[in-house]
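Asker: Attaching a single structure in structure tokens format; questions to follow.
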Amino acid sequence: MSNSFDKPYNPKDVEEKIYEFWEKSGYFAPEAHQPQAGNPNNDKTFTITVPPPNITGSLHLGHALNATIQDILIRKKRMEGYKTLWLPGTDHAGIATQNVVEKDLKKQGISRHDLGKEKFLEKIWEWKEKYGHIILNQFKKLGASMDWSRTRFTMDSGYQEAVKKVFLHYHEKGWMYKAERIVNWCSRCATSLSDLELEYKEIESSLYYIKYPLKDGSGFVIVATTRPETMLGDSAVAVNPKDEKYKPLVGKTLILPIVNREIPIVADFAIDATFGTGAVKVTPAHDFIDAEIGERNKLEIHKIIGQNGRMVPEAGAICEGLKISKCREKVIEKLKELGLLEKEEPYKHNVAVCYRCDTIIEPLPSLQWFLKMDNLAKMAIDEVKSGRIKFHPQKWEGVYLNWLENVKDWCVSRQIWWGHKVPIEGEEDVLDTWFSSALWPFATLGWSSSAEATADKPDSNDFKEFYPTQILSTARDIINLWVTRMIFSGVEFTGKKPFSDVIIHATILTKDGKRMSKSLGTGIDPMTLIEKYGADATRFGLIWQAMGGQDIHWAEEHVMAGKKFCNKIWNATRFVLKQIADCELRITEPQIENQNLTEADKQILEKLKNAKESVSKQTDAFEFGQALHDLYDFFWRDFCDIYIEENKKQNSLPAGRHGGKEILLYVLASSIKLLHPFMPFITEEIWQNLPVENKKALIIESW
RNA sequence: GGGCAAUUAGCUCAGUGGUUAGAGCGCUUCGUUGACAUCGAAGAGGCCACUGGUCCGAUUCCAGUAUUGCCCACCA
């Protein structure tokens, strides 16, 4: 390693070189593990499988924070003598990726249908090669000590085998079933979506009051609706059974306007008597609540909207083929003609939209695969309630449990092209992307593979050796999408929890507390920060702000502070090296009882001991920000401002002292070790320049 | 509608039942020959959101209010 200890510290001279050094030396792989004499951790493994980023784009600050957290844990455990594995990879991300590639093609005026399925999938694989690579490189720039030889993708052939095995297992158990049910349908993506894949958007629309004539000619019942066009599929009008106003009418028959179908007035507790007129039109085919009312009251189902978002023949001749919005106009026009539109009020409400393309979701009946959730949810609940899996901070257990306790069966089939095929003959559907992500902690370790290992089918010894993993660190918004499902999958298929501790890291917001988002232009690219300040400074800035799991209102000045801290460490090292240049010192632990020690010596050794304890404790408790603050204070205040200054004075005394030099070197070297998990590049570079016996690399030095 | 957080220096945030409440950045003044001006020394700047309660004592514990943010639900 070269030597130029110039001022100031320049990360560009160091980072790339150091990363290459680590990679070439093979230190990231568990195979590099060497037992440390007398270390009780020698036989223990420590594994993290990285949450695989979607191949839809590049990493954002949240990924950078999460990767830094995991790297800190892995590096510390590695130094503590554990056999560590941090497994990298990426996720195929079904709909998200399909949509991104479609958009990309659209720029050239091509649709996926122009290409056909096979060619389109080729395009997606090309995309994956390109972006998967970019993402993994970004992890490298950040200093992530991942074992690249074990990189996985959720569509690797070994992984596909695992998905198939899991699906068939559920099917044999009778938990995987096919049924025609009302589902969330995105007409643009032409696929079903789970509830978790929806977003809600407030829109300004109208509340229409429509008169439904009683068959006996005795008057009307007025219903209020935001969706008049769905009246074409009505099979009843419902009122609350306790609603005195309508009690006499329950059981009577109405004539559905335009359609002229006879429909009953039914009583159902789901109706809120205080909203609108207290009477609700019921369209079992196109509304979730109406579907339930329909089931309870054994109502007919009239499907009037097709999967392409247009009206089907059953909607009637005047509306057939129309888009939903056009049909609405038509129905309103017709009702006006008939004198049955009582009034129209402006009304604000939420509509569900597709989380990937923003199209309004249409609930409609469709034949889909469902996974029965009752048993699986119970298992997942039990793992957390029993304390076998712990969330940090603990409050997130509430989010997790609340969702599982109310969960409905999971619609796992998707009518898109990119994804794992539903195994079973003749199926064109693919699986929800989360169905495969759910297997990540064990499918990546070769759980499904046979004894014979190939490049594509990883050695199943990994599964034996590294599963269960220890830590899952992720973002709060995928607790239900992902964490719940990994936990029940792990227990169901391996009989073991997939990890023991779930870290829910801080969400990074803009300075004004808004969500960071690419589309709003409020996102910050971690690579820009690395370019500007260096990776260690970027990691410092991220972790400095990660206090107690609270949201981070992003403030770049902390990254600048990180850069200054790097410079401080660098220059303190220059000073120490200069002091010891004329002696043959080696790093040795000074005896605190040694009578030659000055008061200042004793104090700095005591403070070093405290800093070490505090950093260990805080890191093990996942309080990374606190750990870094403590280290910073120790190094800058106690070591540089106080001890080094004191040391200068002592050295200028005529008698001189040599003991001070030993301690200088010892405290510096110890600090460098403690700082390494947080700021790996600069510390490794410095280590390579210190007089160490049998020097290898700081990354594998003992903590 | 239900839930969870937050509210402390100009900004981003720590912290504590008990004399003078801290850090980073910013600001002011001074200091360049020896690790570092990406620095050092000194300093200004806070009714710790509001109201009430517990207590000898509350920024800290409790209750309520206000504001902000996030999550869940999705009322036609």
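Asker: Let me know the Rg and Dmax you get for chain A when you use only its Cα atoms, in Å.
Answerer: 31.8, 117
Asker: Going down the list A:LYS211/A:LYS334; A:LYS140/A:LYS464; A:LYS17/A:LYS128; A:LYS178/A:LYS281; A:LYS532/A:LYS563, which pairs span over 18 Å between their C-alpha atoms? Could you put the intermediate results ahead of the total?
Answerer: On the way: A:LYS211/A:LYS334 13 Å; A:LYS140/A:LYS464 28 Å; A:LYS17/A:LYS128 28 Å; A:LYS178/A:LYS281 29 Å; A:LYS532/A:LYS563 9 Å.
In this structure, A:LYS140/A:LYS464; A:LYS17/A:LYS128; A:LYS178/A:LYS281 exceed 18 Å between Cα atoms.
Asker: Counting only other residues whose beta carbon sits under 15 Å from that of A:VAL692, what net charge do I get with K and R as +1, D and E as -1?
Answerer: Working: positive: A:ARG586, A:LYS673, A:LYS695, A:LYS696; negative: A:GLU584, A:GLU589, A:GLU662, A:GLU684, A:GLU685, A:GLU693, A:GLU701.
Overall, the nearby charge balance is -3.
Asker: Which of rounded, prolate, oblate describes the stretch A:551-606, given a ≥ b ≥ c as roots of the alpha-carbon gyration tensor eigenvalues and a/c under 1.5 marking rounded, otherwise prolate only if a/b is larger than b/c? Could you put the intermediate results ahead of the total?
Answerer: Values: a/c = 3.86, a/b = 1.89, b/c = 2.05.
Oblate, because a/c is 1.5 or more while a/b does not exceed b/c.
Asker: Where q = 0.13, 0.15, 0.27 Å⁻¹, what log10 of I(q)/I(0) comes from the Debye formula for the stretch A:42-104, counting one point per Cα?
Answerer: -0.47, -0.57, -1.09
Asker: Take the Cα pairs of the stretch A:590-648, get the Kirkwood Rh, then feed it into Stokes-Einstein at 37 °C and 0.692 mPa s and tell me D in µm²/s.
Answerer: On the way: Rh = 12.1 Å.
Estimated diffusion coefficient is 270 µm²/s.
Asker: Follow-up question, since we're still on this one. What number results when the radius of gyration of the stretch A:524-619, computed over Cα atoms, is divided by 2.2 N^0.38 Å? Don't jump to the answer; show the numbers that get you there.
Answerer: Values: Rg = 18.0 Å, N = 96, 2.2 N^0.38 = 12.5 Å.
Relative to the 2.2 N^0.38 Å estimate, the stretch A:524-619 comes out at 1.45.
Asker: What does the net charge come to around A:LYS165 if you take all other residues with beta carbon closer than 12 Å to its beta carbon, with K and R at +1 and D and E at -1?
Answerer: Details: positive: A:LYS164; negative: A:GLU161, A:GLU172, A:GLU492.
Net local charge, A:LYS165 excluded: -2.
Asker: What FRET efficiency, computed as 1/(1 + (r/R0)^6) with R0 = 30 Å and r the Cβ-Cβ distance, is obtained for A:LYS17 and A:LYS421, rounded to the nearest 0.05? Could the numbers behind the result be given before it?
Answerer: Details: r = 45 Å, r/R0 = 1.50.
Efficiency at R0 = 30 Å is approximately 0.10.
Asker: Kindly work out what percent of the DSSP beta bridges joining two residues of chain A are antiparallel, to the nearest 5.
Answerer: On the way: 51 of 71 bridges.
DSSP beta bridges in chain A are roughly 70 percent antiparallel.
Asker: Would you mind counting up the charge near A:ARG296? Only other residues with Cβ under 13 Å from its Cβ, with Lys and Arg at +1 and Asp and Glu at -1. Show your work: numbers first, answer last.
Answerer: Values: positive: A:LYS298; negative: A:ASP268, A:ASP290, A:GLU292, A:GLU295.
Once all neighbours under 13 Å are counted, the net charge is -3.
Asker: Arranged from highest to lowest average of other beta-carbon atoms within 10 Å per residue, in what order do the peptides A:125-136, A:50-61 appear?
Answerer: Ranking, from highest mean packing down: A:50-61, A:125-136.
Asker: Using only Cα atoms, locate the centre of the stretch A:108-166 and the centre of the stretch A:592-650, then give the distance between them in Å, rounded to an integer.
Answerer: Taking the Cα centre of each part, the stretch A:108-166 and the stretch A:592-650 sit 46 Å apart.
Asker: Still on this structure, please answer the following. Per 5 Å bin, what is the whole-percent P(r) computed from every C-alpha pair distance within the stretch A:5-116?
Answerer: 2, 9, 13, 14, 15, 12, 10, 9, 7, 5, 3, 1, 1, 0
Asker: Can you give the Rg to Rh ratio of the stretch A:479-586, both from alpha-carbon atoms, with Rh computed by the Kirkwood formula?
Answerer: Ratio of gyration radius to Kirkwood radius for the stretch A:479-586: 1.19.
Asker: Then there's this: Given A:VAL166, A:LEU65, A:ASN402, which one lies farthest toward the positive end of the charge dipole of chain A, if we put +1 on the Cβ of every Lys and Arg and -1 on the Cβ of every Asp and Glu?
Answerer: Of A:VAL166, A:LEU65, A:ASN402, it is A:LEU65.
Asker: If you don't mind, another one. When the helices in chain A are scored as -39500 (n - 2.57) per DSSP H run of 4 or longer and the sum is shared across all residues, what 222 nm value do you end up with, to the nearest 500 deg cm²/dmol?
Answerer: Details: 22 runs with 273 residues, N = 703.
Per the formula, -12000 deg cm²/dmol.
Asker: Quick one: divide the alpha-carbon radius of gyration of the stretch A:545-703 by 2.2 N^0.38 Å and tell me what you get.
Answerer: Numbers: Rg = 16.2 Å, N = 159, 2.2 N^0.38 = 15.1 Å.
The stretch A:545-703 yields a ratio of 1.07.
Asker: What distance in nm separates the simple spin-label points at A:THR253 and A:LYS178, each placed 7 Å from Cα in the Cβ direction?
Answerer: For the pair A:THR253/A:LYS178, the computed spacing is 3.9 nm.
Asker: Please work out the Kirkwood hydrodynamic radius for the stretch A:69-216, using every pair of different C-alpha atoms, and report it in angstroms with one decimal place. Display every interim value, and only then the final one.
Answerer: Numbers: mean 1/r = 0.0489 Å⁻¹.
Result for the stretch A:69-216 stands at 20.4 Å.
Asker: Right, next: Based on a Kirkwood Rh over C-alpha pairs, give the Stokes-Einstein translational diffusion coefficient of the stretch A:153-278 at 37 °C and viscosity 0.692 mPa s in µm²/s.
Answerer: Working: Rh = 18.8 Å.
My calculation gives 175 µm²/s for D.
Asker: Another question, if that's okay. Roughly how far apart, in whole Å, are the Cα centres of the stretch A:210-264 and the stretch A:504-556?
Answerer: 55
Asker: Using square roots of five times the C-alpha gyration tensor eigenvalues, list the equivalent-ellipsoid semi-axes of the stretch A:296-396 in whole Å, biggest first. Numbers along the way, then the final one.
Answerer: Working: eigenvalues 367, 72, 44 Å².
In descending order, the three semi-axes are 43, 19, 15 Å.
Taken together, the values in this text are just the output of simple stated rules run on the coordinates, not laboratory data. Only a predicted model underlies this, so the values are computations on that prediction, with no experimental measurement involved. Here Cβ is always computed from backbone atoms with ideal geometry, including for glycine, and neighbour counts include all displayed protein chains.
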